[in-house]
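The values are calculated or read from the model by the stated rules, or taken from the named source; none is laboratory data. In this text the structure is predicted, and so the values were computed from the model without any measurement. Quick reminder, even Gly has a Cβ in these numbers, built from the backbone with ideal geometry, and neighbours come from all protein chains shown. Areas reflect the complete protein model, heavy atoms only, side chains present, ligands, DNA and RNA absent. Shrake-Rupley method; radii C 1.70, N 1.55, O 1.52, S 1.80 Å.
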Amino acid sequence: MTDKKAYLSIDGETIDLPILTGTLGPDVIDVQGLTAKGFFTFDPGFVSTASCESEITFIDGEKGILLHRGYPIDQLAMKSDYLEVSYLLLYGELPSQEDKALFETKIKNHTMLHEQLNDFFTGFRRDAHPMAIMCGVVGALSAFYHDSLDISNAEHREISAIRLIAKMPTIAAMSYRYSTGLPFMYPDNTLDYSSNFLHMMYSTPCEQKEISPTLARAMDRIFILHADHEQNASTSTVRLAGSTGANPFACIASGIAALWGPSHGGANEAVLDMLAEIGDVKHIDKFIARAKDKNDPFRLMGFGHRVYKNFDPRAKVMKQTADEVLAELGLEDDPLLKIAKRLEQIALEDDYFVQKKLYPNVDFYSGIILKALNIPTNMFTVIFATGRTVGWLAHWHEMISSPYRIGRPRQLYTGAAQRDYVETDKR
Ligand code: CMC
(Lines give C-alpha, C1' and ligand atoms only; values in the text may rest on other atoms or scores of the structure.)
Protein backbone atom coordinates (compact mmCIF):
# COMPACT_ATOMS: atom_id res chain seq x y z
CA MET A 1 0.00 0.00 0.00
CA THR A 2 1.22 3.58 -0.72
CA ASP A 3 -0.02 6.98 0.45
CA LYS A 4 -1.13 7.56 -3.14
CA LYS A 5 -4.85 7.53 -3.74
CA ALA A 6 -7.14 7.64 -6.74
CA TYR A 7 -10.29 9.72 -6.54
CA LEU A 8 -13.47 8.76 -8.30
CA SER A 9 -16.07 11.47 -8.60
CA ILE A 10 -19.69 10.35 -9.16
CA ASP A 11 -22.60 12.81 -9.07
CA GLY A 12 -20.69 15.23 -6.88
CA GLU A 13 -19.54 12.56 -4.40
CA THR A 14 -15.83 11.75 -4.30
CA ILE A 15 -14.75 8.23 -3.41
CA ASP A 16 -11.14 7.65 -2.28
CA LEU A 17 -9.56 4.53 -3.68
CA PRO A 18 -6.25 3.27 -2.20
CA ILE A 19 -3.40 2.55 -4.61
CA LEU A 20 -1.39 -0.62 -4.07
CA THR A 21 2.22 -1.01 -5.20
CA GLY A 22 3.91 -4.31 -6.03
CA THR A 23 7.62 -5.13 -6.35
CA LEU A 24 7.43 -4.63 -10.13
CA GLY A 25 4.73 -3.63 -12.57
CA PRO A 26 2.02 -0.97 -12.60
CA ASP A 27 0.33 0.30 -9.45
CA VAL A 28 -3.10 -1.15 -8.81
CA ILE A 29 -6.21 0.79 -7.79
CA ASP A 30 -8.03 -1.04 -5.00
CA VAL A 31 -11.73 -0.93 -5.92
CA GLN A 32 -12.95 -3.31 -3.20
CA GLY A 33 -14.70 -0.45 -1.39
CA LEU A 34 -16.87 0.42 -4.40
CA THR A 35 -19.49 -2.27 -3.74
CA ALA A 36 -20.44 -0.57 -0.47
CA LYS A 37 -21.04 2.62 -2.48
CA GLY A 38 -23.39 0.76 -4.83
CA PHE A 39 -21.05 0.34 -7.82
CA PHE A 40 -19.24 -2.47 -9.58
CA THR A 41 -16.42 -2.00 -12.07
CA PHE A 42 -16.91 -3.22 -15.65
CA ASP A 43 -13.98 -5.03 -17.27
CA PRO A 44 -14.93 -7.80 -19.73
CA GLY A 45 -11.99 -10.12 -20.36
CA PHE A 46 -10.35 -8.78 -17.15
CA VAL A 47 -8.11 -6.58 -19.29
CA SER A 48 -7.62 -4.03 -16.48
CA THR A 49 -8.24 -6.19 -13.45
CA ALA A 50 -5.74 -7.70 -11.02
CA SER A 51 -7.67 -10.58 -9.49
CA CYS A 52 -5.16 -11.44 -6.76
CA GLU A 53 -1.80 -10.72 -5.19
CA SER A 54 0.92 -13.15 -6.25
CA GLU A 55 4.66 -13.68 -5.68
CA ILE A 56 5.19 -16.34 -8.33
CA THR A 57 5.56 -14.87 -11.82
CA PHE A 58 6.05 -11.39 -13.26
CA ILE A 59 5.42 -10.39 -16.87
CA ASP A 60 6.16 -7.07 -18.56
CA GLY A 61 4.43 -7.49 -21.89
CA GLU A 62 5.72 -4.22 -23.37
CA LYS A 63 9.36 -5.08 -22.67
CA GLY A 64 8.99 -8.83 -23.28
CA ILE A 65 10.06 -9.82 -19.74
CA LEU A 66 9.01 -13.01 -17.94
CA LEU A 67 10.38 -13.80 -14.47
CA HIS A 68 9.66 -16.80 -12.26
CA ARG A 69 10.30 -15.91 -8.61
CA GLY A 70 12.55 -13.15 -10.04
CA TYR A 71 14.60 -15.36 -12.39
CA PRO A 72 14.43 -14.54 -16.14
CA ILE A 73 12.83 -17.31 -18.20
CA ASP A 74 15.70 -17.49 -20.70
CA GLN A 75 18.20 -18.19 -17.88
CA LEU A 76 15.96 -20.89 -16.45
CA ALA A 77 15.35 -22.47 -19.87
CA MET A 78 19.05 -22.54 -20.76
CA LYS A 79 20.58 -23.42 -17.35
CA SER A 80 17.97 -25.21 -15.29
CA ASP A 81 15.70 -28.22 -15.81
CA TYR A 82 11.97 -28.74 -15.48
CA LEU A 83 11.96 -30.30 -12.02
CA GLU A 84 14.22 -27.58 -10.65
CA VAL A 85 11.90 -24.92 -12.12
CA SER A 86 8.96 -26.81 -10.60
CA TYR A 87 10.64 -26.66 -7.18
CA LEU A 88 11.28 -22.95 -7.66
CA LEU A 89 7.65 -22.25 -8.58
CA LEU A 90 6.26 -24.33 -5.72
CA TYR A 91 8.63 -23.36 -2.89
CA GLY A 92 9.84 -19.89 -3.97
CA GLU A 93 13.62 -20.54 -4.08
CA LEU A 94 16.04 -22.56 -6.19
CA PRO A 95 16.78 -25.83 -4.35
CA SER A 96 20.13 -26.76 -2.83
CA GLN A 97 21.69 -29.87 -4.42
CA GLU A 98 20.30 -31.98 -1.56
CA ASP A 99 16.80 -30.52 -1.81
CA LYS A 100 16.81 -30.99 -5.57
CA ALA A 101 17.77 -34.67 -5.25
CA LEU A 102 15.11 -35.20 -2.59
CA PHE A 103 12.44 -33.51 -4.72
CA GLU A 104 13.40 -35.66 -7.74
CA THR A 105 13.15 -38.79 -5.60
CA LYS A 106 9.73 -37.76 -4.32
CA ILE A 107 8.53 -37.23 -7.90
CA LYS A 108 9.97 -40.58 -9.02
CA ASN A 109 8.13 -42.33 -6.18
CA HIS A 110 4.82 -41.25 -7.69
CA THR A 111 5.23 -41.66 -11.46
CA MET A 112 3.07 -44.79 -11.72
CA LEU A 113 -0.72 -44.71 -11.89
CA HIS A 114 -3.03 -46.85 -9.79
CA GLU A 115 -3.48 -49.95 -11.97
CA GLN A 116 -7.26 -49.57 -11.87
CA LEU A 117 -6.94 -46.23 -13.67
CA ASN A 118 -6.11 -48.21 -16.82
CA ASP A 119 -9.82 -49.03 -16.97
CA PHE A 120 -10.62 -45.34 -17.30
CA PHE A 121 -8.49 -45.11 -20.44
CA THR A 122 -10.07 -48.15 -22.01
CA GLY A 123 -13.52 -46.67 -21.38
CA PHE A 124 -12.83 -43.97 -23.98
CA ARG A 125 -13.25 -44.38 -27.72
CA ARG A 126 -9.93 -45.02 -29.46
CA ASP A 127 -10.34 -41.79 -31.43
CA ALA A 128 -11.02 -39.67 -28.31
CA HIS A 129 -9.01 -36.45 -28.19
CA PRO A 130 -6.18 -36.98 -25.65
CA MET A 131 -7.18 -33.71 -23.92
CA ALA A 132 -10.61 -35.23 -23.25
CA ILE A 133 -8.93 -38.31 -21.78
CA MET A 134 -6.49 -36.25 -19.70
CA CYS A 135 -9.27 -34.05 -18.35
CA GLY A 136 -11.31 -37.10 -17.32
CA VAL A 137 -8.42 -39.09 -15.83
CA VAL A 138 -7.00 -36.18 -13.82
CA GLY A 139 -10.47 -35.44 -12.41
CA ALA A 140 -10.78 -39.14 -11.56
CA LEU A 141 -7.56 -39.05 -9.49
CA SER A 142 -9.57 -37.40 -6.71
CA ALA A 143 -11.46 -40.68 -6.36
CA PHE A 144 -8.15 -42.48 -5.65
CA TYR A 145 -6.55 -40.24 -3.02
CA HIS A 146 -9.09 -39.74 -0.23
CA ASP A 147 -6.17 -39.81 2.18
CA SER A 148 -4.85 -36.43 1.06
CA LEU A 149 -7.78 -34.23 0.06
CA ASP A 150 -7.85 -31.95 3.10
CA ILE A 151 -6.88 -28.68 1.42
CA SER A 152 -6.33 -26.93 4.76
CA ASN A 153 -3.51 -29.39 5.51
CA ALA A 154 -0.18 -28.21 4.01
CA GLU A 155 1.17 -31.79 3.86
CA HIS A 156 -1.88 -32.94 1.92
CA ARG A 157 -1.44 -30.05 -0.49
CA GLU A 158 2.21 -30.95 -1.01
CA ILE A 159 1.64 -34.66 -1.61
CA SER A 160 -1.16 -33.86 -4.07
CA ALA A 161 1.17 -31.48 -5.93
CA ILE A 162 3.93 -34.13 -6.07
CA ARG A 163 1.47 -36.76 -7.26
CA LEU A 164 0.14 -34.53 -10.03
CA ILE A 165 3.56 -33.41 -11.31
CA ALA A 166 4.78 -37.02 -11.26
CA LYS A 167 1.74 -38.57 -12.92
CA MET A 168 1.01 -36.05 -15.66
CA PRO A 169 3.64 -37.37 -18.14
CA THR A 170 2.36 -40.91 -17.49
CA ILE A 171 -1.25 -39.84 -18.12
CA ALA A 172 -0.21 -37.84 -21.20
CA ALA A 173 1.72 -40.76 -22.71
CA MET A 174 -1.05 -43.25 -21.90
CA SER A 175 -3.62 -41.00 -23.62
CA TYR A 176 -1.49 -41.23 -26.76
CA ARG A 177 -0.75 -44.94 -26.51
CA TYR A 178 -4.40 -45.75 -26.07
CA SER A 179 -5.29 -43.92 -29.29
CA THR A 180 -2.71 -45.96 -31.23
CA GLY A 181 -3.56 -49.35 -29.69
CA LEU A 182 0.00 -49.75 -28.41
CA PRO A 183 0.43 -51.19 -24.89
CA PHE A 184 0.88 -48.72 -22.04
CA MET A 185 4.50 -48.31 -20.96
CA TYR A 186 5.34 -48.05 -17.26
CA PRO A 187 7.59 -45.14 -16.26
CA ASP A 188 11.34 -45.81 -16.12
CA ASN A 189 12.63 -44.12 -12.98
CA THR A 190 16.26 -44.38 -14.08
CA LEU A 191 15.49 -41.66 -16.63
CA ASP A 192 15.08 -37.94 -16.07
CA TYR A 193 11.57 -36.42 -16.23
CA SER A 194 11.55 -35.55 -19.93
CA SER A 195 13.45 -38.62 -21.20
CA ASN A 196 11.01 -40.76 -19.23
CA PHE A 197 8.10 -39.03 -20.97
CA LEU A 198 9.60 -39.75 -24.41
CA HIS A 199 10.27 -43.34 -23.28
CA MET A 200 6.61 -43.82 -22.29
CA MET A 201 5.56 -42.30 -25.63
CA TYR A 202 7.82 -44.33 -27.89
CA SER A 203 9.32 -47.44 -26.24
CA THR A 204 7.51 -50.75 -26.48
CA PRO A 205 7.75 -53.82 -24.24
CA CYS A 206 9.81 -55.41 -27.07
CA GLU A 207 12.09 -52.48 -27.75
CA GLN A 208 13.51 -49.73 -25.59
CA LYS A 209 13.59 -46.45 -27.50
CA GLU A 210 16.96 -44.75 -27.33
CA ILE A 211 16.33 -41.14 -26.27
CA SER A 212 18.56 -38.53 -27.89
CA PRO A 213 19.86 -36.05 -25.27
CA THR A 214 19.19 -33.10 -27.66
CA LEU A 215 15.59 -34.14 -28.12
CA ALA A 216 15.08 -34.84 -24.40
CA ARG A 217 16.55 -31.41 -23.66
CA ALA A 218 14.16 -29.82 -26.19
CA MET A 219 11.24 -31.60 -24.51
CA ASP A 220 12.43 -30.38 -21.12
CA ARG A 221 12.64 -26.80 -22.42
CA ILE A 222 9.10 -27.06 -23.73
CA PHE A 223 7.98 -28.10 -20.24
CA ILE A 224 9.98 -25.25 -18.63
CA LEU A 225 8.68 -22.64 -21.06
CA HIS A 226 5.10 -23.66 -20.34
CA ALA A 227 5.51 -24.08 -16.59
CA ASP A 228 3.76 -20.87 -15.54
CA HIS A 229 2.43 -17.66 -16.99
CA GLU A 230 0.84 -15.65 -14.22
CA GLN A 231 -2.96 -15.18 -14.22
CA ASN A 232 -3.80 -16.56 -17.70
CA ALA A 233 -7.23 -18.08 -18.43
CA SER A 234 -6.47 -21.62 -17.20
CA THR A 235 -4.60 -20.48 -14.07
CA SER A 236 -7.43 -18.08 -13.23
CA THR A 237 -9.83 -21.00 -13.74
CA VAL A 238 -7.81 -23.13 -11.32
CA ARG A 239 -7.83 -20.30 -8.77
CA LEU A 240 -11.57 -19.77 -9.19
CA ALA A 241 -12.31 -23.48 -8.83
CA GLY A 242 -9.89 -23.66 -5.89
CA SER A 243 -11.57 -20.72 -4.17
CA THR A 244 -14.67 -22.88 -3.69
CA GLY A 245 -12.63 -25.36 -1.64
CA ALA A 246 -12.62 -27.95 -4.46
CA ASN A 247 -9.88 -30.60 -4.24
CA PRO A 248 -6.64 -30.12 -6.23
CA PHE A 249 -7.35 -32.88 -8.77
CA ALA A 250 -10.71 -31.30 -9.61
CA CYS A 251 -9.06 -27.86 -9.83
CA ILE A 252 -6.31 -29.07 -12.18
CA ALA A 253 -8.93 -30.84 -14.33
CA SER A 254 -10.72 -27.47 -14.64
CA GLY A 255 -7.42 -25.87 -15.71
CA ILE A 256 -6.93 -28.56 -18.37
CA ALA A 257 -10.43 -27.87 -19.70
CA ALA A 258 -9.77 -24.12 -19.90
CA LEU A 259 -6.39 -24.65 -21.56
CA TRP A 260 -7.91 -26.72 -24.36
CA GLY A 261 -9.36 -23.76 -26.29
CA PRO A 262 -7.56 -22.55 -29.45
CA SER A 263 -7.15 -19.02 -28.04
CA HIS A 264 -5.06 -20.49 -25.20
CA GLY A 265 -3.21 -23.83 -25.07
CA GLY A 266 -5.02 -25.24 -28.07
CA ALA A 267 -3.15 -22.76 -30.27
CA ASN A 268 -0.10 -25.02 -30.76
CA GLU A 269 -2.35 -27.67 -32.30
CA ALA A 270 -4.18 -24.99 -34.29
CA VAL A 271 -0.81 -23.77 -35.67
CA LEU A 272 -0.11 -27.15 -37.26
CA ASP A 273 -3.68 -27.46 -38.54
CA MET A 274 -3.29 -24.03 -40.11
CA LEU A 275 0.06 -24.92 -41.72
CA ALA A 276 -1.53 -28.06 -43.17
CA GLU A 277 -4.47 -25.99 -44.45
CA ILE A 278 -2.12 -23.49 -46.11
CA GLY A 279 -0.47 -26.52 -47.69
CA ASP A 280 2.09 -24.71 -49.84
CA VAL A 281 4.25 -21.58 -49.60
CA LYS A 282 2.47 -20.17 -52.65
CA HIS A 283 -0.84 -19.96 -50.70
CA ILE A 284 0.58 -17.92 -47.82
CA ASP A 285 -0.38 -14.51 -49.24
CA LYS A 286 -4.03 -15.57 -49.44
CA PHE A 287 -4.03 -16.58 -45.77
CA ILE A 288 -2.23 -13.39 -44.70
CA ALA A 289 -4.91 -11.40 -46.54
CA ARG A 290 -7.63 -13.39 -44.75
CA ALA A 291 -5.99 -12.74 -41.36
CA LYS A 292 -6.07 -9.01 -42.09
CA ASP A 293 -9.66 -8.97 -43.32
CA LYS A 294 -11.95 -7.67 -40.56
CA ASN A 295 -14.91 -9.58 -42.05
CA ASP A 296 -13.10 -12.91 -41.93
CA PRO A 297 -12.83 -14.61 -38.52
CA PHE A 298 -9.59 -16.35 -39.59
CA ARG A 299 -6.54 -15.47 -37.47
CA LEU A 300 -2.95 -16.45 -37.92
CA MET A 301 -2.58 -19.08 -35.21
CA GLY A 302 0.56 -18.72 -33.11
CA PHE A 303 0.66 -14.93 -33.52
CA GLY A 304 -0.34 -12.26 -31.01
CA HIS A 305 -0.74 -12.36 -27.26
CA ARG A 306 -2.98 -10.65 -24.73
CA VAL A 307 -0.03 -9.51 -22.62
CA TYR A 308 3.05 -9.47 -24.88
CA LYS A 309 3.20 -6.51 -27.22
CA ASN A 310 6.81 -7.39 -27.94
CA PHE A 311 8.58 -10.66 -28.78
CA ASP A 312 7.37 -13.28 -26.28
CA PRO A 313 10.60 -14.10 -24.34
CA ARG A 314 9.57 -17.77 -24.32
CA ALA A 315 9.27 -17.68 -28.11
CA LYS A 316 12.89 -16.48 -28.40
CA VAL A 317 14.20 -19.56 -26.54
CA MET A 318 11.72 -21.79 -28.33
CA LYS A 319 12.89 -20.50 -31.72
CA GLN A 320 16.52 -21.28 -30.83
CA THR A 321 15.49 -24.76 -29.63
CA ALA A 322 13.49 -25.30 -32.83
CA ASP A 323 16.58 -24.50 -34.89
CA GLU A 324 18.67 -26.99 -32.84
CA VAL A 325 16.07 -29.75 -33.17
CA LEU A 326 15.55 -29.23 -36.91
CA ALA A 327 19.32 -29.32 -37.46
CA GLU A 328 19.75 -32.52 -35.37
CA LEU A 329 16.93 -34.23 -37.25
CA GLY A 330 17.94 -32.84 -40.65
CA LEU A 331 14.43 -31.51 -41.18
CA GLU A 332 15.19 -28.02 -42.50
CA ASP A 333 13.49 -28.95 -45.80
CA ASP A 334 10.24 -30.29 -44.36
CA PRO A 335 7.44 -28.65 -46.43
CA LEU A 336 5.27 -27.65 -43.41
CA LEU A 337 8.26 -26.21 -41.61
CA LYS A 338 9.15 -24.25 -44.73
CA ILE A 339 5.68 -22.71 -44.67
CA ALA A 340 6.15 -21.89 -40.98
CA LYS A 341 9.47 -20.13 -41.60
CA ARG A 342 8.06 -18.08 -44.47
CA LEU A 343 4.96 -17.15 -42.47
CA GLU A 344 7.11 -15.99 -39.58
CA GLN A 345 9.19 -13.84 -41.91
CA ILE A 346 6.18 -12.24 -43.60
CA ALA A 347 4.36 -11.55 -40.33
CA LEU A 348 7.46 -9.94 -38.82
CA GLU A 349 7.67 -7.54 -41.77
CA ASP A 350 4.02 -6.94 -42.68
CA ASP A 351 2.60 -3.56 -41.56
CA TYR A 352 -0.61 -5.04 -40.14
CA PHE A 353 1.25 -7.41 -37.79
CA VAL A 354 4.02 -4.92 -36.98
CA GLN A 355 1.60 -2.12 -36.06
CA LYS A 356 -0.63 -4.36 -33.96
CA LYS A 357 2.49 -5.86 -32.36
CA LEU A 358 1.47 -9.38 -33.31
CA TYR A 359 4.68 -11.33 -32.83
CA PRO A 360 5.00 -15.12 -33.13
CA ASN A 361 4.15 -16.53 -29.70
CA VAL A 362 5.47 -19.54 -27.80
CA ASP A 363 2.91 -21.85 -29.40
CA PHE A 364 4.09 -21.07 -32.90
CA TYR A 365 7.56 -22.50 -32.23
CA SER A 366 6.53 -25.24 -29.79
CA GLY A 367 4.20 -26.56 -32.51
CA ILE A 368 7.13 -26.70 -34.92
CA ILE A 369 9.40 -28.51 -32.41
CA LEU A 370 6.74 -31.02 -31.43
CA LYS A 371 6.00 -31.74 -35.08
CA ALA A 372 9.72 -32.33 -35.67
CA LEU A 373 9.78 -34.69 -32.65
CA ASN A 374 7.06 -36.67 -34.40
CA ILE A 375 4.55 -35.95 -31.64
CA PRO A 376 1.01 -36.20 -33.04
CA THR A 377 -0.69 -32.81 -33.35
CA ASN A 378 -3.52 -33.66 -30.98
CA MET A 379 -0.93 -34.28 -28.23
CA PHE A 380 0.46 -30.73 -28.36
CA THR A 381 -1.97 -29.23 -25.88
CA VAL A 382 -1.60 -32.28 -23.64
CA ILE A 383 2.13 -31.52 -23.45
CA PHE A 384 1.37 -27.86 -22.65
CA ALA A 385 -0.95 -29.06 -19.85
CA THR A 386 1.75 -31.39 -18.50
CA GLY A 387 4.24 -28.51 -18.25
CA ARG A 388 1.66 -26.05 -16.89
CA THR A 389 0.50 -28.34 -14.08
CA VAL A 390 3.15 -27.05 -11.71
CA GLY A 391 2.15 -23.43 -12.40
CA TRP A 392 -1.49 -24.21 -11.67
CA LEU A 393 -0.47 -25.99 -8.47
CA ALA A 394 1.82 -23.16 -7.35
CA HIS A 395 -1.02 -20.63 -7.77
CA TRP A 396 -3.57 -22.90 -6.12
CA HIS A 397 -1.23 -23.50 -3.18
CA GLU A 398 -0.40 -19.79 -2.88
CA MET A 399 -4.10 -18.92 -2.74
CA ILE A 400 -5.03 -21.61 -0.22
CA SER A 401 -2.06 -20.77 2.04
CA SER A 402 -3.35 -17.25 2.77
CA PRO A 403 -6.81 -15.97 3.66
CA TYR A 404 -8.95 -16.04 0.51
CA ARG A 405 -12.57 -15.61 -0.49
CA ILE A 406 -14.63 -17.48 -3.02
CA GLY A 407 -14.17 -15.89 -6.47
CA ARG A 408 -17.46 -14.35 -7.54
CA PRO A 409 -17.43 -11.75 -10.35
CA ARG A 410 -20.47 -9.51 -10.76
CA GLN A 411 -22.12 -8.30 -13.97
CA LEU A 412 -23.82 -5.45 -15.77
CA TYR A 413 -27.30 -6.86 -16.27
CA THR A 414 -28.84 -5.88 -19.62
CA GLY A 415 -31.70 -8.39 -19.82
CA ALA A 416 -35.43 -7.85 -19.41
CA ALA A 417 -36.68 -5.93 -16.36
CA GLN A 418 -39.02 -7.78 -14.00
CA ARG A 419 -42.24 -8.89 -15.73
CA ASP A 420 -45.12 -11.24 -15.00
CA TYR A 421 -45.34 -14.78 -16.29
CA VAL A 422 -47.71 -15.13 -19.30
CA GLU A 423 -49.78 -18.32 -19.58
CA THR A 424 -48.96 -20.44 -22.69
CA ASP A 425 -52.34 -19.81 -24.36
CA LYS A 426 -51.89 -16.04 -24.05
CA ARG A 427 -48.43 -15.81 -25.71
N1 CMC B 1 -4.12 -12.83 -36.58
C2 CMC B 1 -4.69 -11.73 -37.11
N3 CMC B 1 -5.10 -10.68 -36.39
C4 CMC B 1 -4.94 -10.74 -35.06
C5 CMC B 1 -4.38 -11.86 -34.43
C6 CMC B 1 -3.94 -12.93 -35.23
N7 CMC B 1 -3.39 -14.01 -34.69
N8 CMC B 1 -4.35 -11.65 -33.09
C9 CMC B 1 -4.88 -10.45 -32.88
N10 CMC B 1 -5.24 -9.89 -34.06
C11 CMC B 1 -5.81 -8.55 -34.28
C12 CMC B 1 -7.29 -8.51 -33.87
O13 CMC B 1 -8.12 -8.77 -34.99
C14 CMC B 1 -7.42 -7.10 -33.35
O15 CMC B 1 -7.53 -6.23 -34.45
P16 CMC B 1 -8.40 -4.86 -34.33
O17 CMC B 1 -7.75 -4.06 -33.26
O18 CMC B 1 -8.29 -4.27 -35.68
O19 CMC B 1 -9.80 -5.31 -33.97
C20 CMC B 1 -6.08 -6.81 -32.68
O21 CMC B 1 -5.13 -7.68 -33.35
C22 CMC B 1 -6.04 -7.10 -31.18
O23 CMC B 1 -6.52 -8.41 -30.98
P24 CMC B 1 -7.40 -8.85 -29.73
O25 CMC B 1 -8.28 -9.99 -30.11
O26 CMC B 1 -8.04 -7.64 -29.11
O27 CMC B 1 -6.28 -9.33 -28.75
P28 CMC B 1 -6.53 -10.21 -27.47
O29 CMC B 1 -5.53 -9.76 -26.49
O30 CMC B 1 -7.95 -10.20 -27.04
O31 CMC B 1 -6.19 -11.69 -28.00
C32 CMC B 1 -5.03 -13.65 -28.62
C33 CMC B 1 -4.98 -12.32 -27.84
C34 CMC B 1 -3.81 -14.50 -28.24
C35 CMC B 1 -6.29 -14.44 -28.21
C36 CMC B 1 -5.04 -13.34 -30.14
O37 CMC B 1 -3.87 -12.65 -30.51
C38 CMC B 1 -5.21 -14.60 -30.99
O39 CMC B 1 -6.34 -15.04 -31.21
N40 CMC B 1 -4.05 -15.20 -31.46
C41 CMC B 1 -4.12 -16.46 -32.20
C42 CMC B 1 -4.26 -17.61 -31.20
C43 CMC B 1 -2.96 -17.87 -30.46
O44 CMC B 1 -1.90 -17.98 -31.06
N45 CMC B 1 -3.08 -18.07 -29.12
C46 CMC B 1 -1.96 -18.45 -28.27
C47 CMC B 1 -1.58 -17.42 -27.29
S48 CMC B 1 0.00 -17.78 -26.52
C49 CMC B 1 -0.29 -19.17 -25.54
C50 CMC B 1 -1.03 -18.87 -24.31
O51 CMC B 1 -0.56 -18.06 -23.49
O52 CMC B 1 -2.08 -19.50 -24.11
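Couple of notes before you dig in:
- Cα gyration tensor, the stretch 263-402 - rounded (a/c under 1.5), prolate or oblate: oblate
- Computed with a 1.4 Å probe over protein heavy atoms only, the accessible surface of the stretch 284-323 comes to 53 Å² per residue.
- For the residues W396, W260, a 1.4 Å probe over the protein chains yields an accessible-area ranking, largest first, of W260, W396.
- Across the chain, Cα-Cα pairs more than 30 Å apart make up 47 percent of the total.
- The stretch 342-427, accessible area per residue, ligands and nucleic acids excluded (1.4 Å, Å²): 57
- Of the chymotrypsin sites (Phe, Trp or Tyr not before Pro) in the stretch 4-59, the ones in a loop by DSSP (not H, G, I, E or B) with at most 11 other beta carbons within 10 Å are F42.
- Placing +1 on the Cβ of every Lys and Arg and -1 on the Cβ of every Asp and Glu, with nothing else charged, gives the stretch 79-173 a dipole about its Cα centre of roughly 360 debye.
- When you restrict to C-alpha pairs under 8 Å that are six or more residues apart and normalise by the size of the chain, the relative contact order lands at 20 percent.
- All lysines inside 17 Å of K292 as judged from Cα atoms, apart from same-chain residues fewer than 8 positions distant: K356, K357
- The chain: most fluctuating residue of M78, M200, M174 per GNM, C-alpha cutoff 10 Å: M78
- Tensor-based shape of the stretch 207-338 (alpha-carbon gyration tensor, a/c under 1.5 rounded, otherwise prolate or oblate): oblate
- Computed with a 1.4 Å probe over protein heavy atoms only, the accessible surface of the stretch 199-252 comes to 35 Å² per residue.
- Mean Cβ neighbour count within 10 Å, used as a protection proxy, ranking 338-344, 352-358 highest first: 338-344, 352-358
- Normalised by the number of residues in the stretch 33-125, the mean separation of alpha-carbon contacts (under 8 Å, six or more apart) gives a relative contact order of 13 percent.
- Per residue, the average separation of C-alpha pairs within less than 8 Å and at least 6 apart gives the stretch 141-250 a relative contact order of 29 percent.
- Ranked by the mean number of other Cβ atoms within 10 Å per residue, highest first, peptides 89-98, 10-19, 301-310, 66-75 order as 301-310, 66-75, 89-98, 10-19.
- Alpha carbon centroid spacing (whole Å) that separates the stretch 25-39 from the stretch 197-261: 35
- When the solvent-accessible area of the stretch 275-316 is split by element, carbon and sulfur atoms take up 49 percent of it, the probe being 1.4 Å.
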